[in-house]
Amino acid sequence: MSAAVDPRASAPPPFLRLAAHPLRWRLLRELARSDRRVGELCDLAGRRQSLVSYHLRQLRDGGLVTTRRSIADGRDTYYVIDLTRCRELLAGAGGALHPGLVPRSRDERSRRRARVLFLCTGNSARSQMAEALAPKLSDGAITAVSAGSHPKPLHPDAVRVMRERGIDLEGRRSKHLGEFTGRRFDYVISLCDRVREVCPEFPGGPEVVHWSIPDPAREATLAAFERTADELATRIGFLIEAIEHPTEVTQHA
């Protein structure tokens, strides 16, 4: 006589049940590309706000999405996907089906190259840190530059935190985004809600992405700069994956 089957073992993992809804999947796909406001998500999905907000709340309750108040306009809120959490839950779902489906680290990268411009308001911390991290984390596959809409001197805590990560920012100058308006990039990534509103168009149709990352200088603690460096390293890691697998990331269902 066969043993009774535990119904919990045959049920799909919660992540799959949450992400399998077509609209929630579309929202996750959009947020995987760029942080978005609810109105933008409504336009992209072609659905009314009440429905989009309902499903965003489901994603928030499931721990896949968080929100951040815009510093450009306090009435606006940006939705931010937690890709690290999604990766953990997706790996767990794969492992629940078969241990061979658990993602493994690769010995070699495809070395697909990309030119990336990082933007923030002052070009004094976030974008400078990103400019330095991207080439290092991609083993030189990413060529990165950075600029700001209102440049100001490099913040000493940004220099300090990056030095702890083996990167020397000392002596780097802040640049105005106008220096790069005629340049071609594969990705233009805004790290500040304010600079996103004034970001010009660039030739060649680069992928335009927004990461809503708080300015660590507003908190004025070394811990804030360390958190910013950690978040940038995480996001850049996922950017590298997107560059290496562009069809998988950019194709929409």
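The values are calculated or read from the model by the stated rules, or taken from the named source; none is laboratory data. Just so it is clear, the model here is predicted, and its values are computed rather than measured. Cβ coordinates were reconstructed from backbone atoms using ideal geometry, including for glycine residues, and neighbour counts include every protein chain displayed. Please note that ligands, DNA and RNA were not included when accessible areas were found on the heavy atoms of the full protein model with its side chains. Shrake-Rupley method; radii C 1.70, N 1.55, O 1.52, S 1.80 Å.
Once divided by 2.2 N^0.38 Å, the Cα radius of gyration of the chain becomes 1.10.
Against the chain, whose longest principal axis comes from its Cα atoms, helix 22-33 is set at around 30 degrees.
Take every pair of alpha-carbon atoms less than 8 Å apart whose residues are at least six positions apart; their mean separation over the length of the chain yields a relative contact order of 18 percent.
Diffusion coefficient of the stretch 113-253 by Stokes-Einstein, Kirkwood radius over Cα pairs, 10 °C, 1.306 mPa s: 106 µm²/s. Listed values for the stretch 178-194 are Karplus-derived 3J(HN,Hα) couplings in whole Hz (6.51 cos²θ - 1.76 cosθ + 1.60, θ = phi - 60°), namely x, 5, 10, 5, x, 8, 9, 10, 7, 9, 10, 10, 8, 10, 9, 4, 5, and x replaces Gly and Pro. Looking at the chain, the DSSP beta bridges with both ends there are about 30 percent antiparallel. To test your reading of the geometry: what angle, between 0 and 90 degrees and rounded to tens, separates the Cα axis of helix 126-137 from the longest principal axis of the chain? Here the helix axis deviates by roughly 60 degrees. Take the chain with all the other protein chains still there, run a 1.4 Å probe, and you get 54 Å² of accessible area per residue.
When the chain is modelled as a GNM with alpha-carbon springs shorter than 10 Å, which of I236, I189, I167 fluctuates the most? Sorting by GNM fluctuation, first place goes to I167. For the chain, the 222 nm mean residue ellipticity estimated from helices alone, with every DSSP H stretch of n ≥ 4 adding -39500 (n - 2.57) and the total spread over all residues, rounds to -13500 deg cm²/dmol. Taking Cβ separations below 4.7 Å as the criterion for a possible disulfide partner, the isolated cysteines in the chain are C42, C86, C199. Just the protein heavy atoms count here, and of the accessible area of the chain at 1.4 Å, carbon and sulfur take up 51 percent.
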